1. Only one of these is touching a helix residue (DSSP H, G or I) at 6+ places or on another chain (Cβ under 9 Å), touching a residue at least 60 places away in the same chain (Cβ under 8 Å) and closer than 15 Å to residue 155 by Cβ: 84, 80, 72. Name it.
2. Does region 128-166 hold any residues that are out of contact with any helix residue (DSSP H, G or I) (no Cβ under 8 Å at 6 or more places or on another chain), assigned to a strand (DSSP E or B) and under 17 Å from residue 67 (Cα atoms), and which are they?
3. With respect to the numbered conditions (1) surrounded by fewer than 21 Cβ atoms within 10 Å (Cβ to Cβ); (2) farther than 18 Å from residue 25 by Cβ; (3) touching a strand residue (DSSP E or B) at 6+ places or on another chain (Cβ under 7 Å), which one is the sole condition not fulfilled by residue 103?
4. Could you tell me which residue of region 91-114 is farthest from the chain's Cα centre (by Cα), considering only residues that are free of Cβ contacts under 8 Å to residues at least 12 places away in the same chain and under 25 Å from residue 8 (Cα atoms)?
C-alpha cells in the first residue's frame, strides 16, 4: 500500500515495477532500500511542481539507471548505457529519453482522486547543485520518502531510484 498524504503518493515497489516495465518493455525488479539521501553519486534529479509552481516532489535516479532507462525505452543496446556510465556521463540522447521516463513517472506520484492536486514534471537536472532552492529543500528535508534498487533485464545497468515528496 502506498503512503498517501493530502497531495501526493509515495510509490511502492509494485507501482515502480509496473510503470517501468510498461515503459521499457523489459522485466524490471524493484527492491526497497534504506532511505538515505546523503552522499548520492552522479545521476539525475527530476523536479515535479504543482500548477502554482510549488514544489511537490524530487526524484533521484543514479547514473547507471538513468542511462539504462534512457537506452531501454528506445531499444538501444545495453552496451551504450554501460559505456556512458563507465565514462561518468549521460549522453544527450539518453538524457532526452530518460526525461520522457521522468515525465511518465508523474503517474506514480499523482493521486487518482478527481479533486487531488497534481504535479507535472518541471525539469530534469544532472546535479543537485543545479536544483532550485525549493526543490533542494524538499529533497533534503522530506519525511515522505521511498528508496529502491531497480534492475532491468537484458544486461542493462541498474541502480537507485529515490522519491522525496511533500
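1. Details: 84 fails: touching a residue at least 60 places away in the same chain (Cβ under 8 Å); 80 fails: touching a residue at least 60 places away in the same chain (Cβ under 8 Å).
72 is the lone residue from the list that is touching a helix residue (DSSP H, G or I) at 6+ places or on another chain (Cβ under 9 Å), touching a residue at least 60 places away in the same chain (Cβ under 8 Å) and closer than 15 Å to residue 155 by Cβ.
2. Residues of region 128-166 that are out of contact with any helix residue (DSSP H, G or I) (no Cβ under 8 Å at 6 or more places or on another chain), as a first pass: 129-130, 132-135, 137-138, 140-147, 149, 151, 153, 162.
Checking which are assigned to a strand (DSSP E or B) leaves us with 144-147, 149, 151, 162.
The answer is 149, 151, 162.
3. Looking at each condition in turn, residue 103 falls short on (2).
4. For region 91-114, the residue satisfying everything is 114.
To keep it simple, each residue is scored yes or no on (1) more than 21 Å from residue 25 (Cα to Cα); (2) modelled with pLDDT of 95 or more; (3) under 11 Å from the mean Cα position of the chain (by Cα); (4) surrounded by fewer than 23 Cβ atoms within 10 Å (Cβ to Cβ).
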residue	(1), (2), (3), (4)
46	yes, yes, yes, no
58	yes, yes, yes, no
83	yes, yes, no, yes
116	yes, no, no, yes
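The values are calculated or read from the model by the stated rules, or taken from the named source; none is laboratory data. None of the values given here were measured: they were computed from a predicted structure. Quick reminder, even Gly has a Cβ in these numbers, built from the backbone with ideal geometry, and neighbours come from all protein chains shown.
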